[in-house]
Amino acid sequence: MTEPQALTVIILAAGEGKRMKSAKPKVLHELCGRTMLGHVVAAARELSPARLAVVVGKGRDLVAPHAERIAPEALQAVQDPQLVGDPVRRQHA
């Protein structure tokens, strides 16, 4: 019988939100008194993960402090905008 492995939850919060037509990063928009990121963090915590990580990108100057405030235990990773879709671009070059 195998031992259960520790759960890590990775939250992708690096999107621009262009279709929302707002300068504010989409994860910072509020729904029912909580940011979209806040809702995802709350849902992730329900799983009691061993580790929680938040990937930030465009707008990280706003998203990272918010993530730190609502999930101080979370690790933060920065998505490099030049790497997004890079493997696909190389295949079609």
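Miscellaneous remarks
- Per-residue ³J(HN,Hα) for region 30-35, Karplus 6.51 cos²θ - 1.76 cosθ + 1.60, θ = phi - 60°, Hz, x for Gly and Pro: 9, 9, 6, x, 9, 5
- Cut-off under 5 Å, modelled amide H: who pairs with residue 74 long-range: none
- Close amide H pairs (under 5 Å, H built 1.01 Å from N) link residue 79 with 56, 57, residues at least 5 positions away or on another chain.
- Portion, in percent, of the accessible area of region 1-80 that falls on carbon or sulfur, probe 1.4 Å: 56
- What the phi angles of region 53-66 give under the Karplus curve with 6.51, -1.76 and 1.60, with θ = phi - 60°, is a coupling list of 10, 10, 8, 10, x, 4, x, 4, 5, 9, 6, 4, x, 5 Hz, glycine and proline written as x.
- Whole-Hz couplings from phi, Karplus 6.51/-1.76/1.60, listed for region 2-14; x for Gly and Pro: 8, 6, x, 8, 5, 8, 10, 10, 10, 9, 8, 10, 9
The values are calculated or read from the model by the stated rules, or taken from the named source; none is laboratory data. In this text the structure is predicted, and so the values were computed from the model without any measurement. Just the protein is used for accessible areas: all its heavy atoms, side chains included, with ligands, DNA and RNA removed. Shrake-Rupley method; radii C 1.70, N 1.55, O 1.52, S 1.80 Å.
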